[in-house]
Amino acid sequence: MNLQTARDQLCSDEADTIIQGLDFLARQGSLSDLAQIMRLIDQEDIAVRKTAITTAASIIKHNLLNRFNEISPEMRIKLGTILTSLDPKVIDEISQDLFSKDEQRRLLAVQILGLLRKHPSVRKMMATLVKDRDVKIRATAINLLGKMIGPNDQELVLALLNDPDKRVRANTVEALESLGNRRMVPILLRLRMDPNNRTRGNVLKALYNLGHKDIEADIVTMLSLKDPLMKASALWVVSQIDLNSKKIEDAAAEHLLSFNDMINDNAKKTLVSLKTPRAKGYLNYLDNALNK
């Protein structure tokens with residue numbers, strides 16, 4: 001049998017002939033066959049309906065797994081919606097690829113699960129994946145989680161922000177910032193003193209970008225700590241936002257004298273980002289003095 005024969009069989013009056021064509025298309029069909037296959041889901045014959053459902057689901061899964069980057073974002077979302085309605089168990093099937101040894105296969109599984117994000121179990125999977133060993137998977141999960149968390153999901157948010165894994169806390173803060181939801185500010189305020197430098201820095205950046213501008217004292221406090229990572233993270237935060245403060249300018253200039261390369265480099269980036277005459281003066285004077 002060839003594709004054209006299988007497609008012609010879908011127009012038959014015989015259920016067995018239709019099923020035979022559907023079985024072939026489940027293995028060889030393309031997205032262009034979906035419209036005709038979906039019409040068969042309304043057939044009176046139960047066997048035809050069931051086969052049409054499994055065939056349509058099979059074609060969608062195959063194309064999402066093998067042609068994901070070739071399919072437009074709009075079409076991906078549409079296919080994800082159809083797939084969820086056709087095959088409620090698809091979440092379990094796709095999630096098996098999260099344990100694949102093939103990193104590309106794992107990343108695709110995360111992306112496809114993102115299309116199925118209305119399913120309640122997907123959100124929990126994304127929350128787990130924010131601490132994955134693969135940076136691409138972590139980044140994808142963070143982005144998708146940010147789209148999934150809503151204003152009424154405080155229980156999930158609090159669980160993630162209290163996770164003992166510092167990466168989960170830091171990554172969750174990034175996801176919350178991407179939401180742009182100011183209702184998250186009271187929750188984030190609780191983490192201003194987080195012991196992890198990255199989480200703490202992410203919190204201050206998120207607070208500022210969500211409208212809570214009063215973070216000068218927090219930045220100055222971080223810059224006064226002995227931990228070089230805290231200092232570097234505080235400087236990084238200032239370089240990412242438009243906070244203008246003489247105290248911070250003075251502190252950043254002081255850190256230009258640091259023997260720690262990371263702190264010194266971040267201090268330069270911070271003063272460059274501030275773009276004030278005072279910051280430029282510090283750069284010109286101290287940087288030139290140190291390079292003589």
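Things to note:
- Filter pass, residue 34 being surrounded by fewer than 21 Cβ atoms within 10 Å (Cβ to Cβ) and touching a residue at least 12 places away in the same chain (Cβ under 8 Å): yes
- Selection within the stretch 219-246: residues that are free of Cβ contacts under 8 Å to residues at least 24 places away in the same chain and outside any helix (DSSP H, G or I). The member of this set that is nearest to the chain's Cα centre (by Cα) is 242.
- For the stretch 82-104, the condition holds for at least one residue, the condition being that it is within 12 Å of residue 64 (Cβ to Cβ) and open to solvent by 80 Å² or more (accessible area, probe 1.4 Å).
- Candidate set from the stretch 1-23 (those that are under 24 Å from residue 70 (Cβ atoms) and touching a Leu at 6+ places or on another chain (Cβ under 8 Å)); member that is least open to solvent (accessible area, probe 1.4 Å): 6
- Of all residues in the stretch 178-187, those being within 17 Å of residue 241 (Cα to Cα) and crowded, with 21+ Cβ neighbours inside 10 Å number 0.
- When restricted to residues that are open to solvent by 50 Å² or more (accessible area, probe 1.4 Å) and over 29 Å from residue 11 (Cβ atoms), the stretch 48-69 contains 1.
- Residues located in the stretch 230-263, provided they are farther than 22 Å from residue 202 by Cβ and of a type outside the set (Gly, Ala, Ser): 246, 249, 250, 254, 256, 257, 259, 261
- The condition of being part of a loop (DSSP other than H, G, I, E, B), open to solvent by 50 Å² or more (accessible area, probe 1.4 Å) and under 18 Å from residue 174 (Cβ atoms) holds for only one of 131, 136, 118, that being 131.
- Answer residue from the stretch 274-286, given it is in contact with a helix residue (DSSP H, G or I) (Cβ under 8 Å, 6 or more places away or on another chain) and open to solvent by less than 40 Å² (accessible area, probe 1.4 Å) and is modelled with the lowest pLDDT among those: 286
- Total residues in the stretch 192-218, condition part of a loop (DSSP other than H, G, I, E, B), under 17 Å from residue 161 (Cβ atoms) and open to solvent by 50 Å² or more (accessible area, probe 1.4 Å): 3
The values are calculated or read from the model by the stated rules, or taken from the named source; none is laboratory data. Predicted model only: the values in this text are computed from it and were never measured. A quick note on method: Cβ atoms are made from the backbone with ideal geometry, for glycine too, and the neighbour counts reach across all protein chains shown. Areas reflect the complete protein model, heavy atoms only, side chains present, ligands, DNA and RNA absent. Shrake-Rupley method; radii C 1.70, N 1.55, O 1.52, S 1.80 Å.
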